[in-house]
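Written out below as structure tokens is the structure these notes cover.
The values are calculated or read from the model by the stated rules, or taken from the named source; none is laboratory data. Please read all numbers here as calculations on a predicted model, not as lab measurements. Note that each Cβ is placed from the backbone with ideal geometry, even for glycine, and that neighbours are counted across all protein chains shown. The accessibility values were calculated without ligands, DNA or RNA, using every heavy atom of the protein model including side chains. Shrake-Rupley method; radii C 1.70, N 1.55, O 1.52, S 1.80 Å.
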Amino acid sequence: MAGNSQRRNRRTSNKKGMQVGSGGQRRRGLEGKGPTPPAEARKKHKKNRIATAKAKHAAVRRPAPRRGGAKGASEMVVGRNPVFEALRDGVPATTLYVQQYIDNDERVREALQLAGARGNINLMEAPRPELDRMTNGLNHQGLVLQVPPYEYAHPEDLTAAAYDNGEDPLIVALDGVTDPRNLGAIVRSVSAFGGHGVVVPERRAAGMTAGAWKSSAGTAARTPVSRVTNLTRALEGYQKAGITVVGLAADGEHTVEDLEALAGPVVIVIGSEGKGLGRLVGETCDYRVRISMPGGAESLNAGVAAGIVLYEVARRRA
């Protein structure tokens, strides 16, 4: 009996039944993972970062367009050479006032020709006392050019322009830069290296005057400038949108050529040539970088410094 029981157990154990197997995993592994997803759907890819940031930006975007917000003050350019140069360099203007019975020299004729060629500048003749009143007694030499208020962009307009083009934002913010010529030169560099705009504070800073427009060599027509009441809050807003804020400082912990963050969405903050970055602005920055200067110079002009950093960003993105 014991022998028969053992034979039955052996026969039972040899029967095929439910066994632990791969569950089809090996077969599915051979089937492949399907087509590669598009770049926008792959994490850590640049296009995925841009698409995500663009979606977030669209979610919080105000329903009404922001352009046409803050405006500067109207301005008068006075004197024969300044008026001629402003017209030659494409500074926006609404009216050219010409003194009655003015001596018709070469500069006057050239200014009139340039204004007439534009087709959208009013030519007005006025007596000398009226021009004296308009210019508060400045030496106008019989020519006065009226420049309309500059229409500043909203800070988020700059990021919107970048995302609409499928690009990482590249913005320059100025802290305490008071020379309009520096502002114009920086606008020109931002345009040259593919940036999306410039941010300036309302107080103790240069605005988009005729002098700044001239220094921009016409690039101010296509490179927006935003004016904000509080630069620190504007920078914090950019940080919340996922943009790195990098301040340029002589004692920065990083060098421009070594900071990898410059390859992504970035706001570059440039301080004044004398004082550099303000305390609050400097504390707000995610990184502070310096420009290596083997020649030993203590500082660079704000416009020159901005051009160097913008070139490095453009090189990394190429």
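The conditions of being under 15 Å from Ile171 (Cβ atoms), touching a helix residue (DSSP H, G or I) at 6+ places or on another chain (Cβ under 9 Å) and of a type in the set (Phe, Trp, Tyr) are met by Tyr238. Just to be sure, is Ser191 crowded, with 17+ Cβ neighbours inside 10 Å and touching a helix residue (DSSP H, G or I) at 6+ places or on another chain (Cβ under 6 Å)? Judged against the criteria, Ser191 is a match. Determine which member of the set Ala212, Ala162, Ala206 is open to solvent by less than 10 Å² (accessible area, probe 1.4 Å) and either of a type in the set (Lys, Arg) or within 10 Å of the chain's Cα centre (by Cα) (or both). On inspection, the qualifying residue turns out to be Ala162. Scanning the range 130-147 for residues that are of a type outside the set (S, T, N, Q), in contact with a Lys or Arg (Cβ under 9 Å, 6 or more places away or on another chain) and assigned to a loop (DSSP other than H, G, I, E, B) yields His140, Gly142. The conditions of being within 17 Å of Cys285 (Cα to Cα), among the aliphatic types (A, V, I, L, M) and without any contact (Cβ under 8 Å) to a residue 40 or more places away in the chain are met by Val200.
Restricted to the range 86-99, and to residues there that are touching a Lys or Arg at 6+ places or on another chain (Cβ under 7 Å) and more than 11 Å from Leu145 (Cα to Cα), the residue that is most open to solvent (accessible area, probe 1.4 Å) is Asp89. Here Asp258 fulfils each of the conditions (1) closer than 13 Å to Leu170 by Cβ; (2) out of contact with any Ser or Thr (no Cβ under 8 Å at 6 or more places or on another chain) apart from (1).
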